[in-house]
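Encoded as structure tokens, the structure appears first; notes follow it.
Any read-out appearing in this document is the output of simple, stated calculations on the displayed coordinates, not a laboratory observation. Quantities reported herein were computed from a predicted structural model and do not represent experimental measurements. Ideal geometry is used to build each Cβ from the backbone, glycine not excepted, and the neighbour counts take in all protein chains shown.
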Amino acid sequence: MMASMLSRRSFIASSAAAALLSQMSRALAHPAADAETATRPNQDGRNAGVIDVSKSPYAKLKTVPVSAVVIQEGFWSQRRKANLESSIPSMQAELVAHGRMDNFLRLEGKSTAPQIGPVFADSDIYKWTEAVGWALQSGNQPALKETTAAMIREVVATQEPSGYLNTYYVGDRKPLRMQYDTQTTGHELYCIGHLLQGAIAYYRSTGDETLLDAGIRFVDDFLLPNYGPGPNQMGIVAGHPEIEMALIELYRTTGNQRYVDLAGYILHGDPRIPLHPQQTVYMFCGVPFTSRTHLEGHAVRCMYACCGATDYYLETGDPAYLQTLNTLWDDLAAHQMYVTGGVGARETGEAFGDPYELPNARAYGESCAAIGNMMWNWRMLAATGDARFTDVVERALYNGINSGMSLDGKTYCYRNPLAFDPNGNSQDRHAPEGRIRNPWYDTTCCPPNLERTFASLPGYFYSTSDDGVYVHLYDNSDLSWRLHDGNGLKIRQETRYPWNGDVKLTIAPATPGEFTVFVRIPGWSTQQSVKVNGASVAGAQPGSYLPIRRRWSAGDAIELSFDMPTQALRANPAVSEDRGRVAFQRGPCVFCMEQLDQPDADTSINLNDYTASLGAPTSARYDPDLLDGVMVLDHAGVIVRPTVDRGLYFPLSESEHTQETDTRLKLIPYYAWANRAPSAMQVWIPYRQA
Ligand code: FUB
Ligand code: ZN
């Protein structure tokens, strides 16, 4: 396994095998060649999870297939219904309406429409395909499957005999293909990365290898022979990281070790490609990943690079990678993550800011970046089994990701700010008319990213290890899978999570046996009780997994109870915008105020005039008729308004002349904001002692 820790020399040596492998994969496309030796997907890989770490030597936890968990009526079922019935079909129509399929059809002579969309337009189709792939694991959808299969046929029809497949670098742009400038900014490998991820998800659900075969041909025929460290190869750089994790997933799906090696080479950075230092920061590529000391640059690029690097660690065990990943994670948790789990503070460069630079109204918090954060933490969890990563998965999922899709599934946030003024965001290039949610963006990366995340959600509930099973997320659901010794295992979850912290797990191994159920005690929980068949189990600690080892038989029950008081959170004082403010969190959900909910909303009172009275109790009430059913918080507050116009500036020694009026603050979960009329919103609320 250490052989896979890549040195330039070993890669060059292995490039001698490149020609051979290329011939093998050509056999796939041209059956006259040796079809038996071509790269093929593993059949057992079809039963894999969101990532297939079943054979990854450095994965402490193994994923379970999306199909192994059925999410029943509860919190996530609504979101997933909207995703399947509204978001996925409406996005398919948007993709077609905005020419994303025409880009392929034109190359087949089936459309006369000109090329449309950014350089990464092809990836929109692939990410949507990935969403379908995961969605099909939760139920047969014949019409959706047929639509997708037809789209896949059009995509693969445009693949060139060389294996190249991209609808942007054709015609006059053909000479630009894979030039170093193009590799840096042109997203060819980003598109292929998404093609591979979409192809793998679709293959895992349907067994259909059509798109996967095209992806393998691109890699085997076009990429591996021509790009890499060999003397007759060109340099390679991922100007938008994505291909790294896709190559490793392709390795997991086929067993071809050369994909891991190429991912490692890209993560290391190719010294033959001259990048400005600013480019290596912005693109988070081009220098050894293991030389990184902090998160920086374009947030989605950075998160995807961290995903690829964690995947590389999971396969190779290279300790330098784990060390770097831990360093970067500490930076995330200490300096860079919003309370919503969003990342990437700056609109300029869609980038990470300086440590503690976490503005609220100007927050960028791209949906894709929060998804990248969740994907990275999911991989770190697989590597370590450490619940601090699950806490981030949950924080991002319930808040900064869940906010990205409207409740009806038809509109999306590109940015996910933590304060909003509907009259003040008109310079936002992604919401030119001030609308924070839109059905379509010309850069439409976020909508299908959200769709693939919600479609794959069942795959995030559980993992297995040699000791037993890990329970990560809570919602009404049924697991039907198996332990590593082959014993079948069913677990039923019954709960009102995230509104209530009581969860009942009914455990049913096919055959009674001894194993461990690792139950997650969320980091936000301050008091918790765990019982097995009515008897208390000691040792539960917030932010950890409580291992319960015993002989389990069908019908054994674990009762979890996490207290769910509303917590008023303060930010580190170095976060200047949050100084003197609090955010409310209850369970995994962060809350916010929308102006239209406030009792005085019909007056001219500005949302900024409201302050929360600290020390006063917060009451929580479930409102089934509001926003598809949400917990609503009620908290004492004061409206502070000037009574005399003192001019813009006046001496400190003089009174402010303000009037204070008692009021009630009404808060809704952050994920549900901007689902009614445009309204001001804030997460961080000014406070004063009651
Ligand atoms: O560059 C492709 C995607 O477009 C990025 O991931 C997003 O941040 C947006 O810029
Ligand atoms: Zn995006």
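What the table below lists for this structure:
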quantity: Residue-averaged 222 nm ellipticity for the chain, from DSSP H runs of 4+ at -39500 (n - 2.57), nearest 500; calculated: -9500 deg cm²/dmol
quantity: Sequence ranges 65-77, 560-572, ranked by mean other-Cβ count within 10 angstrom, highest first; calculated: 65-77, 560-572
quantity: Inter-part distance where region 641-661 and region 122-157 are each reduced to a Cα centre, Å; calculated: 61
quantity: Lys, Arg +1 and Asp, Glu -1 on Cβ, resulting dipole of the chain about Cα centre, debye, nearest 20; calculated: 940
quantity: Computed lengthening from D628 to K504, 0.36 nm per intervening residue step minus Cα-Cα distance; calculated: 42.2 nm
quantity: Links that overshoot a 31 Å alpha carbon limit, given the list K62/K174; K62/K531; K145/K490; K81/K666; K110/K145; K55/K145; calculated: K62/K174
quantity: Mean Cβ count within 10 Å, highest first, over the residues of peptides 97-108, 649-660, 211-222; calculated: 211-222, 97-108, 649-660
quantity: Chain lengthening between Q323 and V70 when straightened (0.36 nm per residue, less Cα-Cα); calculated: 87.5 nm
quantity: Linear extension gain, H294 paired with R646, 0.36 nm per residue minus alpha-carbon span; calculated: 122.2 nm
quantity: Protection-proxy order for peptides 186-196, 573-583, 442-452, each taking the mean of Cβ atoms within 10 Å per residue, highest first; calculated: 186-196, 442-452, 573-583
quantity: Sites S86 and S655 - FRET efficiency at Förster radius 60 Å, r taken between beta-carbons, to 0.05; calculated: 0.65
quantity: Simple Cβ-charge dipole of region 37-94, Lys/Arg +1 and Asp/Glu -1, about Cα centre, in debye nearest 20; calculated: 280
quantity: The chain: relative contact order in percent, alpha carbon pairs under 8 Å with at least 6 residues between; calculated: 13
